[in-house]
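Down below is the structure, laid out as structure tokens.
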Amino acid sequence: MSLIVMKFGGTSVGDIDRIKNAAAKVAAELHRGNKVAVVVSAMAGSTDQLISYCRSISARYDQREHDAVVSTGEQVSSGLMALALQQRGLNARSWQGWQVGMHTDATHGKARILNIEAKDLRESLDRGEVGVVAGFQGISDEGRITTLGRGGSDTSAVALAVALKADRCDIYTDVDGVYTTDPRICDRARKMKRVSYEEMLELASLGAKVLQVRSVEMAMRFRMPVQVLSTFANEIGSDLPGTLVAEGNEKMEENPVTGIAHTRDEAQITLTGIADKPGIAAKIFVPLAHAGINVDMIVQTASSNGVTDLSFTVGKTDFDRAIKVLTDEKPSIAYKELLSHKNVTKISLVGIGMRNHVGVAATMFETLAAKGINILVIETSEINTSVLIDDEYTELALRSLHTAYGLDTPEA
Ligand code: ADP
Ligand code: ASP
Ligand code: MG
């Protein structure tokens, strides 16, 4: 008998029929003789709706009350799922974050899980009940409800699997696995049977939203096998039809590029005409850091006559604040112009194999050049190569690179 955590995302519980469909999958796992704890997201669209209610009262809302409001989406879906399971004759009970002892820090809106007690839940599972846990939410030391950041139910599920010492955490979603690139953009994307924690972490942090980054970090730290699979296909998790995120890779001798991620979440800022002298970067980046703004890609042009341009990206959600900080600091930085570009996409090649291959980046630049796509910024690390391009070329760039690195599914 295995203990499995089954997580259902927003689309998977998007309406009553879908909740019934998810309940049938839970019943099928139980029928196999497995124990099951379920984690649910809010019904599709409901978190967006709740956030917009808060924003419509004030642009600068109290984060604690924001969490009190947006966490309710999961309260609704967990109760409905418990009802759907009961309707099938199962002994099911819903659990809110505070009821399972999901302790987090007090960083409202993006709280981090500190520990999970889960004692009562474990006893309930041992009595043969099915626990349905509300994802995305926890409780701070002050006894206030917190939320874990967008996509946070993935992290709730993996954390619960670790706390319960489950055998596997199954993430049911609207695609049937992790693909070489977003299958909604590239129809030649190939489903992977298996992907290593390290590469999944890289793909997720560079924009592949199929798993929240922190859920992958946690799975990797505790060596928890995670399977991504479809909520709409007939198979159930124990048949292992999806993509297993675990240690090691699919192939021994691998392609240098395992997958391609993209994100539209960043914006580019360029400061022109700055003095090329020691201390100038600190004058720009220290005030941004003090304002809690993360800077990602950075590029400086070669200086001429002691003057240079510096370009970098920040998250789109931080963009307005970054502009304000840099405008306030203009006298100190002494730049000529501040230019900004919001319609950009960052495209990233990911692969552990890159460590041992030369020419990976060169192929990327050639492929983009052949399509007339201009590269705005380049960034490389040991296992990724990223470029910033104009947003309008996203699809073209993803598809061409996917073909260039031999990732396409063979024609049927
Ligand atoms: P859920 O609501 O179930 O949590 P998400 O929308 O958060 O689902 O994640 C699933 C989505 O992730 C898919 O619909 C797909 O468009 C997107 N996605 C991005 N990159 C990938 C990838 N490499 N493989 C699979 N899906 C991906
Ligand atoms: N409901 C939350 C969100 O939409 C958490 C999740 O779905 O994982 O971000
Ligand atoms: Mg998600």
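The values are calculated or read from the model by the stated rules, or taken from the named source; none is laboratory data. The structure displayed is predicted, hence computed values, not measured ones. Reconstructed Cβ throughout: ideal geometry from the backbone, glycine too, with neighbour counts over all protein chains shown. Keep in mind that these areas ignore ligands, DNA and RNA; they rest on the heavy atoms of the full protein, side chains included. Shrake-Rupley method; radii C 1.70, N 1.55, O 1.52, S 1.80 Å.
Brief remarks on what is shown
- Check on Ala37, outside any helix (DSSP H, G or I), at pLDDT 95 or above and crowded, with 24+ Cβ neighbours inside 10 Å: yes
- You will find that of Asp170, Asp141, the residue that is within 16 Å of ligand 1 (Cβ to nearest atom) and either surrounded by 24 or more Cβ atoms within 10 Å (Cβ to Cβ) or under 28 Å from Gln63 (Cα atoms) (or both) is Asp170 and no other.
- Residues in region 301-330 that are in contact with a Ser or Thr (Cβ under 8 Å, 6 or more places away or on another chain) and open to solvent by 80 Å² or more (accessible area, probe 1.4 Å): Ala302 alone.
- When each of Asp48, Asp67, Asp17 is tested for being out of contact with any Gly (no Cβ under 7 Å at 6 or more places or on another chain), away from ligand 3 (no atom under 16 Å from the Cβ) and in a helix (DSSP H, G or I), the lone residue that passes is Asp17.
- Qualifying residue in region 79-99 (condition: in contact with an Asp or Glu (Cβ under 9 Å, 6 or more places away or on another chain), part of a helix (DSSP H, G or I) and open to solvent by 20 Å² or more (accessible area, probe 1.4 Å)): yes
- Of the helices (runs of 4 or more DSSP H) entirely within region 284-387, those holding at least 2 residues that are within 25 Å of Gly109 (Cβ to Cβ) and of a type in the set (A, V, I, L, M) occupy 319-328.
- Tabulated pairs, region 1-22, first more than 18 Å from Val210 (Cα to Cα) and among the charged types (D, E, K, R), second open to solvent by less than 50 Å² (accessible area, probe 1.4 Å) and within 14 Å of ligand 1 (Cβ to nearest atom), C-beta under 8 angstrom, 6+ apart or interchain: Asp15/Met43; Arg18/Thr11; Arg18/Ser12; Arg18/Thr231
- The set of residues in region 7-34 that are β-branched (Val, Ile, Thr), open to solvent by 10 Å² or more (accessible area, probe 1.4 Å) and in contact with a Lys or Arg (Cβ under 9 Å, 6 or more places away or on another chain) contains only Thr11.
- Of Asp176, Asp187, Asp239, Asp141, all but one fail to be touching a Gly at 6+ places or on another chain (Cβ under 9 Å) and among the acidic types (Asp, Glu); the exception is Asp176.
- Residues that are among the hydroxyl-bearing types (Ser, Thr, Tyr), within 23 Å of the chain's Cα centre (by Cα), within 16 Å of Thr181 (Cα to Cα) and open to solvent by 60 Å² or more (accessible area, probe 1.4 Å) do not occur anywhere in region 366-380.
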